[in-house]
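Take a look at the structure below.
The values are calculated or read from the model by the stated rules, or taken from the named source; none is laboratory data. Model, not experiment: these values are computed from the prediction. Glycine gets a Cβ as well: all are built from the backbone with ideal geometry, and neighbour counts include every protein chain shown. Ligands, DNA and RNA are excluded from the accessible area calculation, which covers all protein heavy atoms including side chains. Shrake-Rupley method; radii C 1.70, N 1.55, O 1.52, S 1.80 Å.
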Amino acid sequence: MKLAIILLACVVVGGVSGYMALEDLSIYDAIYLVVTTISTVGYGDITPKTIAGRIFTVFLIIFGVGIVFYTWTLAVSLVVEGRMKDIFGRREMKKRIGKLSQHVIICGAGKVGSNAILRLQQENEKFVVIDNNPVICERLEQERVPVIQGDATMDDVLLEAGLLQAKGVIAALSGDANNVYITLTARNIRPDIFIVARADRPEAEDKMRRAGATSVVSPAVMGGRHMVNALTKPLIMDLLENVFYNQEIHLDMAQITIHNGSSLIGKDLTNSGIKTVYGAIVIAIQRGTEMVVTPTAEEKIRCDDVLILMGEREALNKLNRLAGNEA
């Protein structure tokens, strides 16, 4: 399109200059004659009088009309194709979002939300983003990220994002009031859903929990703790950074729920094969409201236990299937 505009400008400038030199026309008459010529209107009130001017007009028609037609066709096609792409792209996006289940809804794609998106992509988790900024939404659409442009505090927007089928909501907007409102709305529609809310101010944490947030995260508080731990416990922080974020080593942590029918039920940790066969370590067991930290080798695995393990990702995936969960 840029090339077409440049060529068209060259034709107009060249035509005006040629008519002013060959026909001794004023700049206004020359512009008028060039426009009527290359647009094929040709009123005939101003015409070339000299042989040279007529020959010049022939070449101007041959090249000028072609360039005008090309530029006009290209402009129309860009508009039409862009509009059609936008329509069909949004339809396809809505279909993709409509098919999601057990996914995460991220409300807000700012600094915190963007990092949440990146992490979910690394974890191969299904998710959909809600944001009110058209620039952010357009960028996410180009990156093939499922996104809805709208106000995440509104019931219909959350429902469009699949709140009834989702497994969790991340309220990551910049204002505490907005995140409280999202939490209230989501909890009212889905009393059982897991909600993680962002709190910018320490005093907002209690409000988030009273609004129904399952977990509250303060980026400022977490950042401060992380910086202190990086200074006082650098080796531990390097290990956790590699496990959770950089993934330079093939270790990961997982929480695996033991379902009814799993072959692990009734076995102690020694005979379960978790360590000997799969090379994983059981760090803790969540049993109802009780957390069994550093369980002994004789600890028996029960139905509905949630094992917190560390090991290689492939081994953890196999254990997840052995526990009766989906792959």
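Okay, residues lined up against (1) assigned to a loop (DSSP other than H, G, I, E, B); (2) surrounded by fewer than 16 Cβ atoms within 10 Å (Cβ to Cβ); (3) of a type in the set (G, A, S); (4) over 35 Å from the mean Cα position of the chain (by Cα):
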residue: I265; (1), (2), (3), (4): yes, no, no, yes
residue: N271; (1), (2), (3), (4): yes, yes, no, yes
residue: V277; (1), (2), (3), (4): yes, yes, no, yes
residue: A297; (1), (2), (3), (4): yes, yes, yes, yes
residue: R302; (1), (2), (3), (4): yes, yes, no, yes
residue: I308; (1), (2), (3), (4): no, no, no, no
residue: A315; (1), (2), (3), (4): no, no, yes, no
residue: N320; (1), (2), (3), (4): no, no, no, no
residue: N325; (1), (2), (3), (4): yes, yes, no, no
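Would you tally the residues in segment 200-220 being open to solvent by 30 Å² or more (accessible area, probe 1.4 Å), closer than 18 Å to G113 by Cβ and in a helix (DSSP H, G or I)?
Final tally of qualifying residues: 2.
Suppose we keep only residues that are closer than 17 Å to G311 by Cβ and aromatic (F, W, Y) within segment 232-284. Which one would you say is modelled with the highest pLDDT?
Y278
Being surrounded by 18 or more Cβ atoms within 10 Å (Cβ to Cβ), in a helix (DSSP H, G or I) and among the β-branched types (V, I, T) is true for just one of I136, I106, I55. Which residue is that? Steps first, please.
Working: I106 fails: in a helix (DSSP H, G or I); I55 fails: surrounded by 18 or more Cβ atoms within 10 Å (Cβ to Cβ).
Of the residues listed, the single one that is surrounded by 18 or more Cβ atoms within 10 Å (Cβ to Cβ), in a helix (DSSP H, G or I) and among the β-branched types (V, I, T) is I136.
Within the group I62, I87, I67, which residue is in a helix (DSSP H, G or I), modelled with pLDDT of 85 or more, over 16 Å from the mean Cα position of the chain (by Cα) and exposed (fewer than 12 other Cβ atoms within 10 Å of the Cβ)? Working first, answer last.
Details: I87 fails: modelled with pLDDT of 85 or more; I67 fails: exposed (fewer than 12 other Cβ atoms within 10 Å of the Cβ).
Within the list I62, I87, I67, the selection yields I62.
Quick check on segment 191-199. Is at least one of its residues over 30 Å from A297 (Cα atoms) and in a helix (DSSP H, G or I)?
Quick first cut of segment 191-199, residues over 30 Å from A297 (Cα atoms) only: 191-199.
Now narrow it down to the ones that are in a helix (DSSP H, G or I): none.
The answer is no; no qualifying residue exists.
Go through (1) closer than 30 Å to G279 by Cβ; (2) in contact (Cβ under 8 Å) with a residue 40 or more places away in the chain one by one and return the number of the condition R198 breaks.
Single failed check for R198: (1).
Looking at segment 26-41, which of the residues that are under 49 Å from the mean Cα position of the chain (by Cα) and part of a helix (DSSP H, G or I) is nearest to L60 (Cα to Cα)?
Residue satisfying both the conditions and the ranking: I38.
Look through segment 140-162, keep the residues that are at pLDDT 90 or above and under 11 Å from the mean Cα position of the chain (by Cα), and return whichever of them is nearest to K99 (Cα to Cα).
P146
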